[in-house]
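What follows is a set of notes on a single structure, which appears directly below.
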Amino acid sequence: MRSTKHLTALLHTVLQELGLPWPEKTTIEPPKDKKFGDLAVNCALLLAKQVGKPPRTLAEEMAKALLGASADIAKAEVAGPGFVNITFTPQFWQANIVRTEEQGDAYGSSTLGKGKKMQVEFVSANPTGPLHVGHGRGAAVGDSMVRILRFSGYETQAEYYLNDAGNQMQTLGLSIWLRVQELVGNSTVPFPETCYQGEYITDIARGMLQENATLPTLPEAEGRQLCYETGLALILDGIKNDLKNFRVHHDVWFSELSLVANGEVERTLNAMKASGHVYEADGALWFRSSALGDDKDRVLRKSDGSLTYFASDIAYHANKYNRGFDAVIDVWGADHHGYIPRMRACIEALGRPAEAFDVILVQLVNLMREGKQVAMSTRAGEFETLEDVLKDVGVDAARFIFLSRKSDSKLDFDLDLVRQRTMDNPVYYVQYAHARVKAVLRRAAEQGIGTQASSSLALLQEEEALDLLRCLDRFPQVVQDAATGCAPHFISYYLMDLAGLLHKYYAVHQVVLAENLEQTAARLRLLQSVAQTVKNGLLLLGVEAPDSM
RNA sequence: GCGCGGUUAGCUCAGUUGGAUAGAGCGUUGCCCUCCGGAGGCAAAGGCCAUAAGUUCGAAUCUUAUACCGCGCACCA
């Protein structure tokens with residue numbers, strides 16, 4: 001980050017001196033192969049046609065000018081078809097340590113999103129049962145995005161949308177009610193397939209009976225209402241508890257019912273009527289979403305007079321923007337992708353720019369045990385709860401695995417592997433890098449050796465040290481890319497790289513050398529900077545950075 | 001049928017705005033413990049980036065077509 005910024009500024013000056021424009025598509029990035037230097041610039045290739053000179057000639061001119069422009073540049077070479085490869089001096093890289101020391105826990109943060117208000121809505125599982133692993137992935141992704149956005153300077157709110165207004169709530173009340181009747185031997189019909197089959201429903205019914213033995217004798221409407229209210233409260237408590245254990249936090253729990261009750265849905269529909277996005281046909285109220293890119297128009301109020309889920313969802317999103325968010329991100333299960341076009345149409349109808357709405361699709365989790373897929377069926381009430389998985393593998397491992405894949409690709413979650421506390425499990429590989437540094441620092445402290453700021457960083461000349469320094473420099477950019485790309489997995493991949501370089505350095509160079517305190521102090525500072533960066537990165541994933549393991 | 005996503009090493013997956021000889025982990029094979037935590041490191045083998053055309057200085061990346069896989073196409077939520 002520091003290196004690319006520095007070179008970008010130098011290149012601007014140099015191009016100006018040479019009388020050349022700055023090509024829009026210029027890239028300044030670390031090349032794949034280290035032998036091409038620290039950073040590669042492609043702009044001679046881009047300018048060649050426009051200027052009418054061979055790319056290599058242009059590149060030569062740039063290289064020469066860059067070399068003279070700053071003492072931080074050790075080499076500027078032309079290679080391949082016309083790349084300019086820049087190598088910085090070791091002193092330049094060593095200064096990264098000072099930067100991480102100064103910034104500490106803030107290293108990697110930025111003001112990228114300064115002044116922007118963002119909202120991330122995630123999990124939002126219907127409160128009709130406990131969370132399962134799929135919800136866990138959405139929870140990890142959403143929570144991590146919130147952390148990354150905040151670290152990048154966005155004012156960010158985490159929200160859970162509670163679907164407490166629909167048919168499913170009716171079904172929940174009925175399911176519990178019928179189980180209550182079963183428990184006291186009143187059932188005359190088999191338990192309906194349309195009701196929730198899970199064992200937790202019977203547990204709730206049993207609990208309610210213990211509290212109130214007269215429950216089954218209540219009139220059905222009253223009994224079902226009571227079952228619904230109590231059931232919802234219990235399930236919600238369970239969900240909140242699961243999320244807390246998973247280190248996932250929501251700032252706001254937003255009730256769908258509240259939107260309907262206070263007339264906000266009606267008001268939003270009226271506003272859309274006024275702007276001509278809505279019409280009546282066949283006794284129903286329709287949203288003309290097909291005019292805004294959707295396949296077909298969508299019903300908002302059914303011919304029986306009741307509202308569709310989509311109607312309250314529109315009101316919900318209108319409400320979000322009215323709360324002042326510049327952009328909202330919804331985290332959805334990938335099976336809802338068909339919902340995106342109508343939602344985009346809705347955003348447009350609300351008069352918001354397309355950039356103000358983003359969806360992160362989270363693919364399903366394929367849970368594996370002993371090499372076989374674990375069957376999951378919500379309808380049959382057979383699913384692996386998040387709670388069970390966390391008990392099995394732990395929060396750190398689960399979060400890291402969820403965040404070490406692109407969200408929009410299927411995830412094989414191998415319980416046997418994720419449970420392992422070995423280096424086959426990437427989370428331990430990364431955490432071990434942190435613990436290892438802390439162990440060395442403890443060891444040094446025992447011998448009375450500290451990390452004096454006065455120590456000479458110029459002693460860090462080894463190739464493995466420079467690799468670490470270059471990697472440290474990438475971190476702020478990685479965080480920003482994760483923020484703008486909605487891609488927490490960039491952080492996990494980065495951390496595995498950094499941890500690998502640390503282990504490599506450690507294997508080659510002994511850090512604590514009693515006979516060379518100056519060298520030792522410099523190396524300790526390098527390691528301390530690495531540990532700090534690992535810790536900052538892990539925090540963005542919601543994973544702990546242990547001092548010992 | 002239409003739409004969305006996917007197809008990269010034996011397996012699981014990265015690959016940013018089109019860049020140089022396509023990467024990592026696991027697995028396989030071979031090596032390194034007088035050493036601060038070996039819970040580690042080094043090396044080798046392993047590829048028609050699904051297929052075919054196109055765009056251009058240059059394509060895993062962009063376009064089009066085809067194949068296969070997954071998902072979605074409600075006056076459900």
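Laboratory data are not the source of any read-out in this text; all were calculated from the coordinates shown. None of the values given here were measured: they were computed from a predicted structure. All Cβ positions, glycine included, derive from the backbone under ideal geometry; neighbour counts span all protein chains shown.
Let's test the formula: R0 of 35 Å, r as the Cβ-Cβ distance of residue A:336 and residue A:34. What FRET efficiency results, to the nearest 0.05?
The formula returns an efficiency of 0.20 here.
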Fill in the blank from the handout: Ordered by fewest other Cβ atoms within 10 Å, a rough proxy for footprinting exposure, A:145, A:169 read A:169, A:145
Exercise for the section: Binning at 5 Å from 0, report for segment A:167-232 what percent of all alpha-carbon pair distances ends up in each bin. Expected result: 4, 20, 35, 28, 12, 1
Completion exercise
Plugging the Cβ-Cβ distance of residue A:101 and residue A:237 into 1/(1 + (r/R0)^6) at R0 = 35 Å yields, to the nearest 0.05, a FRET efficiency of 0.20
Exercise for the section: Determine by what factor the alpha-carbon radius of gyration of segment A:230-318 differs from 2.2 N^0.38 Å, reporting the quotient. Expected result: 1.39
Handout entry: Electrostatic dipole magnitude of chain A [Cβ: Lys, Arg +1; Asp, Glu -1; Cα centre; debye, to 20]
Key = 1400
Handout entry: Rough spin-label spacing in nm, given labels placed 7 Å along Cα→Cβ, for residue A:184 and residue A:322
Key = 4.4
Problem - Å³ per residue enclosed by the Cα convex hull of segment A:423-541 - result: 100
Problem - Sequence-distant lysines (8 or more away, or on other chains) whose Cα lies within less than 17 Å of residue A:35 - result: A:75
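Would you list A:43, A:195 from fewest to most Cβ contacts within 10 Å?
Lowest to highest Cβ neighbour count: A:195, A:43.
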Exercise for the section: Apply the Kirkwood formula to segment A:47-86: the hydrodynamic radius equals the inverse of the mean of 1/r over all pairs of different alpha-carbon atoms; give it in Å with one decimal. Expected result: 10.3
Fill in the blank from the handout: Expressed in angstrom and rounded, the centroid-to-centroid distance over alpha carbons for segment A:1-63 and segment A:472-549 is 30
Completion exercise
Under the 7 Å Cα-to-Cβ spin-label approximation, residue A:8 and residue A:225 lie apart by a distance in nanometres of 6.1
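Let me check against my output: what whole-number percent is the relative contact order of chain A, with C-alpha pairs under 8 Å and at least 6 apart?
Values: 865 pairs, mean separation 86.9, N = 549.
Contact order relative to length: 16 percent.
Is there a pair in A:25/A:53; A:5/A:64; A:5/A:25; A:5/A:406; A:504/A:535 whose C-alpha atoms are over 21 Å apart, and which pairs would that be?
A:5/A:406
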Fill in the blank from the handout: For chain A, inverting the pair-averaged 1/r of distinct alpha-carbon atoms gives a Kirkwood value in Å of 27.2
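Count neighbours as other Cβ atoms within 10 Å of each site's Cβ, and list the trypsin sites (Lys or Arg not before Pro) in segment A:300-363 that are DSSP loop with at most 16 such neighbours.
Answer by residue number: A:302, A:323.
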Practice task
Order these peptides, A:414-423, A:515-524, by their mean beta-carbon neighbour count within 10 angstrom, highest first.
Solution key: A:515-524, A:414-423
Practice task
Give the distance, in whole Å, between the Cα centre of segment A:187-226 and the Cα centre of segment A:72-123.
Solution key: 60
